[in-house]
Amino acid sequence: MRVLFITSNRLGDAVLSTGLLDHLVRTLPEARFTVACGPIAAPLFRALPRLDRVIPLRKRRFSAHWFGLWRRCIGTPWRLVVDLRNSAVSRLLVARRVVVVSRPDEGCHRVVHLGRTLGLAEAPAPRLWFTGADHRAAAALVPDGPPVLALGPAANWRGKIWRADRFAAVAGQLTGPGGILPGARVAVLAAAGERAEAQPVLDAIESGRCLDLVGAADPQVAGACLARCALFIGNDSGLMHIAAAVGLPTLGLFGPSRPEHYAPWGAGGAAVTTAVPYRQLVTAPGYDHRTTGSLMDSLAVEAVLEAAGTLWRRAGVGVAGGEERA
């Protein structure tokens, strides 16, 4: 039994789709899986049970990447094709059943929407699968010791990025005397190409308590690192969704993106939004997500501190660094 799962090119959406894939793994115990996704998201699936292969889809001119996927899959008789990209490929393969994602409802969280693709009554919570090597790499990057506050100060476009000095202020208060994590270490996570956004945060943290994980791990090992932390605070990003997927109390910061669609999923997730509402931000004169600078300035440090405290109390427990969640 062969299943083809075509998921997002973007890291965050790929993470959110893992719950649907987990449902298939659990309910089709004889199935073998092929996953097609963007290159950045590909490491997320390397420990998937009964995996045949991961096919990274690097975008090419004239949609040639879709032709490449079709050519690699046409020779297999598929029991099921789940196409979360609504591509032509799923219509051109030999498959007993093809399921294609529908257009999302306006007020529907992405996880709920994905569950409806298979008619699931309960939204399938995202999850990640880890190898022993992933956990060993994470233990080297986040060694046992005091609890760790994890920060994600980057995002895939500038409008969603809360300014570095505010991240530093939040970290200082949360890990200082009287904070919810007094004396905690602070891990800063970002991709190698996001060093400019992360460096001012790193510079503001006392060197003996700072864990510089910028560019140090692929998304999968980053997930294993986050599983060793106590709390995550970060912009709306793929990293935020990874943190929530491993069960870490996760506070997402939102402005020109919509928490009703992309808030961190699960009981340990929470979102805090800018004082200026989403619609006002994205309809302002001159708005262009490709060129507009940060639209997060109306989110105050005090609002993030209050939301972090509320989330921490709701979580009810502190987890010391070194205790893995996944």
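Angle check, please: helix 301-315 long axis (alpha carbons) against the longest principal axis of the chain (alpha carbons), in degrees 0 to 90, nearest 10. That works out to roughly 70 degrees. Which shape class applies to the range 2-117: rounded if a/c is under 1.5, otherwise prolate when a/b exceeds b/c and oblate if not, where a ≥ b ≥ c are the square roots of the Cα gyration tensor eigenvalues? Rounded is the answer for the range 2-117, as its axis ratio a/c remains below 1.5.
Under a 5 Å amide H cut-off, with hydrogens placed 1.01 Å from N, residue 211 pairs with 186, 187, 188 among residues at least 5 apart or on other chains.
With everything on Cα atoms, drop me the angle between helix 64-73 and the longest principal axis of the chain, reported from 0 to 90° to the nearest 10. Once rounded, the angle reads 60 degrees.
Rounded, prolate or oblate: which one fits the range 132-315, using the alpha carbon gyration tensor with axes a ≥ b ≥ c (rounded when a/c is under 1.5, else prolate when a/b beats b/c, else oblate)? Prolate, since a/c reaches 1.5 and a/b exceeds b/c. Counting only alpha carbon atoms, the long axis of helix 195-204 and the longest principal axis of the chain meet at about 30°.
Throughout, read-outs are computed from the coordinates displayed, never taken from laboratory work. Fair warning: this is a prediction, and the values are worked out from it, not measured in the lab.
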